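See structure below.
The values are calculated or read from the model by the stated rules, or taken from the named source; none is laboratory data. Only a predicted model underlies this, so the values are computations on that prediction, with no experimental measurement involved. Positions of Cβ are generated from backbone atoms using ideal geometry, with glycine treated the same way; all protein chains shown enter the neighbour counts. The accessibility values were calculated without ligands, DNA or RNA, using every heavy atom of the protein model including side chains. Shrake-Rupley method; radii C 1.70, N 1.55, O 1.52, S 1.80 Å.
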Amino acid sequence: MMVAAVSVGAEAQLYRGYETPSYEVTVKKGDFERRSYAPQVVAEVYVQGDREEAVSRGFRVLADYIFGGNVDEAKVAMTTPVSQQAADDDDAGLWVVRFGMPRGYTLENLPKPQSAAIRLTETPAEDQLVVQFTGRWSEAQLTQKELELRAFAAAHGLDASGAPRFYFYDGPFTLPWTRRNEVALVLN
């Protein structure tokens, strides 16, 4: 494997002008990257439905929060990606949709949500195996990328467990061939 010297540390990394989570690429092989993510403060909501419906509804609830739909009526800068993950293996239609909060925010200084559905929390530091692709995502494509990740992990002796995470970086009006999407697995 080739070790990459890419580091995304204390300075904000940007994607098309939007802040992204801090991570360091520790290994890169072909389309696959092993990333070490720093802890991140996030706003999340649990949404019932199929994947596409859930990410859309979750996005709207979280967008309302950051656009001033909070107790302080304060605006919080948009970040990317929007993250989606199955919430529970026992309930196939329950999803967690997350927005990362910009650096500088803590659980103590974020505006309080008006909606009881929104939970503010901090993700732990973790390693993830990630594959990136362009275009409009589909169920078949997300499933295929998950299978590729699991096969890569098994072939390289990596312990990847849990539900995959789906990262969507671009809005619906972005030209398909310029869109950035990712599928990730948390490594143990």
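Data table
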| quantity | calculated |
| --- | --- |
| Dipole of the chain [Lys/Arg +1, Asp/Glu -1 at C-beta], most positive-end residue of Gln40, Leu187, Gln13 | Gln13 |
| Total charge dipole magnitude, segment 32-131, about the Cα centre, Cβ charges on Lys, Arg, Asp, Glu only, Debye to nearest 20 | 420 debye |
| Test item: Cα-centred dipole of segment 102-162, Lys/Arg +1 and Asp/Glu -1 on Cβ, debye | 280 debye |
| Segment 171-180 - phi-based ³J(HN,Hα) in whole Hz, Karplus 6.51/-1.76/1.60, Gly and Pro as x | x, x, 9, 6, 4, x, 6, 10, 7, 10 |
| Cα-based convex hull, segment 115-179, per residue volume (Å³, whole number) | 137 Å³ |
| Proximal charge balance of Tyr169 [Cβ under 10 Å; K/R count +1, D/E count -1] | +1 |
| Estimated vicinal HN-Hα couplings, Hz - segment 140-151 in sequence order (Karplus 6.51, -1.76, 1.60; Gly, Pro = x) | 4, 5, 5, 5, 4, 5, 4, 4, 4, 4, 5, 5 |
| Segment 138-160-segment 107-132 distance, computed between alpha-carbon centres (Å) | 25 Å |
| Residues of segment 31-115: accessible area per residue with a 1.4 Å probe, Å² | 48 Å² |
| Nearby lysines by direct alpha-carbon distance to Lys75 (threshold 28 angstrom, same-chain neighbours under 8 apart not counted) | Lys112 |
| Mean shadow area of segment 47-101 over all directions, Cα convex hull, nm² | 3.8 nm² |
| Global form of segment 19-118, assessed from the alpha-carbon gyration tensor, a/c cut-off 1.5 | oblate |
| Aspartates and glutamates with Cα under 12 Å of Lys145, excluding same-chain neighbours fewer than 8 positions away | Asp31, Glu182 |
| Distance between segment 50-71 and segment 161-183 - C-alpha centres, whole angstrom | 16 Å |
| Trypsin sites (Lys or Arg not before Pro) lying in DSSP loop within segment 113-177, provided at most 13 other Cβ fall within 10 Å | Arg136 |
| Relative contact order of segment 50-137, defined on C-alpha pairs under 8 angstrom at six or more residues apart (%) | 28 percent |
| Charge dipole (debye, nearest 20) of the chain; +1 at Cβ of Lys and Arg, -1 at Cβ of Asp and Glu | 540 debye |
| Segment 39-188 - convex hull of the alpha-carbon atoms, volume per residue in Å³ | 118 Å³ |
| Portion, in percent, of the accessible area of the chain that falls on carbon or sulfur, probe 1.4 Å | 54 percent |
